[in-house]
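Participant: Please see the structure below; I have some questions.
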Amino acid sequence: MTQPTRVAFVSLGCAKNTVDSEKMLGQLAEAGCEFCADENDADVVVVNTCGFLEASRTEADEVIGELVRSKHNRKSRLKRIVVAGCLVQRDGTAISDRVPGIDALVGVHRRDDVVQAVLTGKRKRKEVDQYLGDYHPFVNLDVARLRITPRHWAYLRISEGCDQKCTFCTIPSIRGPMHCKPPEIVLREARELVADGAVELSLIGQDTSSYGFDFDYEPGLAGLLRELDRVDGVSWLRLMYVYPSVFSDAMIDAIADCAKIVKYVDMPLQHISDRVLKGMHRRVTRKETIDLLDRIRTRMPDVALRTTLISGFPGETEEEHQELLAFIREYEFDALGVFPYSLEPDTPSGRMKEQLDDETKLRRREELMLTQQEIAFAKNAKRRGQSFEVIIDGPPVDIGKGEPHQPARHAGQAPEVDSVTWVRGGPFNPGDFVRVRCTGSVDYDLIAEPSDVRLTTLA
């Protein structure tokens, strides 16, 4: 009998890429492929790349280069390298010019051709197999995924592409304009993920708050949230990547009203200075941003707010940087990340004058993050003695506290991007919901124990 093709898979980049990787893995499994962890034991390696920032492109090139060296190693079984994803959509055959030895390229709009890219082209040839079709106005179905996230939580993609046209962003040129899955498709995929064991779903898209704009779905994101709240079997629904200029009171009310939707809003703000926001083409002002944050916190006093910012945007003055620092101190976000501005030559901001030097961008980033660190540590200190519910994420591990603790998260901690809560006193199963009492913290993470256990002091 013919032996199945052995495939190793490398998934780089964001949550949207994770969904694409899981779908490709599902398609390869249905085609009869066998998976392995070591590229030297594989016949084919697929690399799903990120092309958003210069750092991500550098990482992808390094990973691909290492695989090419493995392919040329006599002891390796590897014979074929397939590169897929955003970097392919962005750079096309230029990738194989930079890193010779690639056998096939699969763009994001030809994702479903991955099986053909893996299983064909076995004859000796120098040409690179290309699956580089242009954008097509449809949304790929993400059913029948072979998930690489833990069984108890999953990403649910509700849309693809973006129409916001921020001047620093390459997503529209890579992923295309905004296009959303119809509600019935989103609900179908949610139920499939629940049937596969997921009890927590994180809703993702480049701009989730614009859901339904492309096909005039009047209920919009608020209506979709209320529909998802009625899905049996899911316990937590989490909303990621909302855009401030289109985040409406109806959406706030839906999050506040729906029992299964955790009171957590991930809203990348990028900056607070009016001049910088205008240069970024964010379609929102400082006053509008503050009014929105105030409305969210008034409607949901216990909401966890997460944001991301950009330091060193072209022309950002020291005064505007100080304005951003003051804004962070005043609004005390529960979680915050900062990216130093990455010059992308094909974007409007990449062509702007007054590009700042790397030293300035990195210094400002550090000042922003240190300010947030003080806020995060103070918030953790206030958590001590409080009781709350967490979802268990994994088995017990040694964190240097005398006995094993299990990684978990409360409703204000999103998977992969936020801090965690370490729970002692189990063991519990991943996916279990446990009522705990906070006993302390370690850096950004919390320490807790089941609330029916006596509160103890942990250094």
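Participant: Just the isolated ones, please: cysteines in the chain lacking another cysteine beta carbon under 4.7 angstrom.
Facilitator: That list is C14, C33, C36, C50, C86, C162, C180, C258, C438.
Participant: Using DSSP loop states and a limit of at most 10 other Cβ atoms within 10 Å to flag trypsin sites (Lys or Arg not before Pro), what is the longest stretch of the chain containing no flagged site? Display every interim value, and only then the final one.
Facilitator: On the way: sites that count: R74, K75, R123, K124, R125, K126, R230, K353, R454.
Longest gap between qualifying sites, sites excluded: 231-352.
Participant: Ok, one more. Would you list, by chain and number, the aspartates and glutamates whose Cα falls below 18 Å from the Cα of K287, excluding same-chain residues fewer than 8 positions away?
Facilitator: In chain and number order, the partners are D249, D274, E319, E320, E323, E330, E332.
Participant: Under 12 Å from a point 7 Å along the Cα-to-Cβ line of D38: which residues of segment 68-107 have their amide N that close?
Facilitator: Answer for segment 68-107: 75-78.
Participant: For the pair K79 and R299, how long in nm is the line joining their label points, each one 7 Å along Cα→Cβ?
Facilitator: 5.8 nm
Participant: Same structure again: Using 0.36 nm per residue of separation minus the Cα-Cα distance, give me the extension gain between E319 and A378 in nm, one decimal.
Facilitator: Working: separation 59, 0.36 × 59 = 21.24 nm, distance 2.62 nm.
Extra length from E319 to A378 when fully extended: 18.6 nm.
Participant: Helix-derived [θ] at 222 nm for the chain: sum -39500 (n - 2.57) over DSSP H runs of at least 4, divide by residue count, nearest 500? Spell out each step's value before the answer.
Facilitator: Numbers: 13 runs with 148 residues, N = 459.
After summing the helix terms and dividing by the residues of the chain, the value is -10000 deg cm²/dmol.
Participant: So, one more: Tell me which of T2, S173, A144 sits at the most positive position along the dipole axis of the chain, charges placed on C-beta atoms (Lys, Arg +1; Asp, Glu -1).
Facilitator: T2
Participant: Using C-alpha positions alone, give me the convex hull volume of segment 384-450 per residue in cubic angstrom.
Facilitator: Cα convex hull per residue, to the nearest whole number: 77 Å³.
Participant: Can you report the principal axis dimensions of segment 153-380 using only the alpha carbons, biggest first, rounded to whole angstrom?
Facilitator: So the three principal-axis extents are 51, 41, 30 Å.
Participant: Right, here's the next one. Say the dipole of the chain comes from +1 at the beta carbon of Lys and Arg and -1 at that of Asp and Glu; which of G26, Y341, M280 then lies farthest toward its positive end?
Facilitator: G26
Participant: Can you list the aspartates and glutamates whose alpha carbon sits under 18 Å from that of K401, skipping same-chain ones fewer than 8 residues off?
Facilitator: Correct list for K401: D443, D445, E449.
Participant: In nanometres, what is the gap between the two model label sites at E366 and R230, each 7 Å from Cα along Cα-to-Cβ?
Facilitator: If labels sit at E366 and R230, their model points lie 5.4 nm apart.
Participant: What is the percent of Cα-Cα separations in segment 326-459 that go past 23 Å?
Facilitator: On the way: 4015 of 8911 pairs.
Value for segment 326-459: 45 percent of Cα pairs lie more than 23 Å apart.
Participant: With loop defined by DSSP as not H, G, I, E or B, and exposure as at most 13 other Cβ atoms within 10 Å, which is the longest segment of the chain clear of exposed GluC sites (Glu not before Pro)? It would help to have the intermediate numbers written out before the result.
Facilitator: On the way: sites that count: E127, E354, E416.
After excluding every exposed loop site, the longest remaining stretch is 128-353.
Participant: Can you compute the modelled spin-label distance between I185 and D97, with each label point 7 Å from Cα toward Cβ, in nm?
Facilitator: So the two model labels end up 3.5 nm from each other.
Participant: Moving on. Rg over Rh of segment 225-273, using C-alpha atoms and the Kirkwood radius, what does it come to?
Facilitator: Numbers: Rg = 12.1 Å, Rh = 11.8 Å.
Taking Rh as the inverse mean 1/r over Cα pairs, Rg/Rh reads 1.03.
Participant: Restricting the calculation to Cα positions, tell me the Rg (one decimal) and the Dmax (whole number) of segment 6-131 in Å.
Facilitator: 13.0, 36
Participant: Mind checking the full-extension length gain between V442 and I148? Use 0.36 nm per residue of separation minus the Cα-Cα distance, one decimal, nm.
Facilitator: Roughly 103.0 nm would be gained on extension.
Participant: Convex hull over the alpha-carbon atoms of segment 231-308: what's its volume per residue in Å³?
Facilitator: Details: hull volume 6.7 nm³, N = 78.
Expressed per residue, the convex hull around the Cα atoms of segment 231-308 is 86 Å³.
Participant: Where does the charge balance sit around G426 when Lys and Arg score +1, Asp and Glu -1, over other residues with C-beta under 11 Å from its C-beta? Walk me through the numbers before you get to the answer.
Facilitator: On the way: positive: R424; negative: E403, D432, E449.
Net of charged neighbours comes to -2.
Participant: Assuming 0.36 nm per residue, please report the length gained on full extension of the stretch A195 to D257 beyond their Cα-Cα distance. Mind showing how you got there, number by number?
Facilitator: Details: separation 62, 0.36 × 62 = 22.32 nm, distance 2.51 nm.
Going from the current span to full extension adds 19.8 nm.
No value in this document is a laboratory result; all are computed from the given coordinates. As the structure is a prediction and not an experimental result, all values here were calculated from the model. Glycine also receives a Cβ, built like all others from the backbone with ideal geometry; neighbour counts cover every protein chain displayed.
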